[in-house]
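As structure tokens, the structure follows; a few thoughts come after it.
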């Protein structure tokens, strides 16, 4: 499942780090892996796991006050995980530059065919450049 949401205005870097730390602790316990992308204003997260685990996490995420306007962008059954070794990988966009992108790119190169890798990276770039609604 892939979703986007708007960060609460004024969210601090330590709050984003707390989200990431919590995901890295709890996701393996629930059999969830994935990727979190943050650009200072919005989040995009890809979650992989059993339907019940992803649905349960999605319900908790919808009530998290650190973000709003959560929109599911893609939801499907997959044959194999894209991020099997990542309890939660993290990619941050700051001043137009992705930080951590090398690690993500290496994993995508290792695990995905070129065409699918381009789709995932294109999705990340396009979703995170959308303007916040007025």
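Every number here is computed from the coordinates shown, using simple stated rules; none is lab data. What you are looking at is a predicted structure, and each value in this text was computed from that prediction instead of being measured. A quick note on method: Cβ atoms are made from the backbone with ideal geometry, for glycine too, and the neighbour counts reach across all protein chains shown.
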Kindly give Rg over Rh for the range 1-60, based on alpha-carbon atoms, with the Kirkwood expression for the hydrodynamic radius. 0.96
Can you work out the FRET efficiency for the pair residue 8 and residue 76, with r the C-beta to C-beta distance and R0 = 35 Å, to the nearest 0.05? 0.75
Once every Cα of the range 25-82 carries one equal point scatterer and solvent is ignored, give the base-10 log of I(q)/I(0) from the Debye formula at q = 0.15 Å⁻¹, two decimals. -0.46
What ranking of 72, 54 emerges when the number of other C-beta atoms within 10 Å of each C-beta is taken as an exposure proxy, fewest first? 72, 54
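Quick one: which of 18-25, 35-42 comes out on top by average Cβ neighbours within 10 Å, and what's the full order, highest first?
By packing density, highest mean first, the sequence is 35-42, 18-25.
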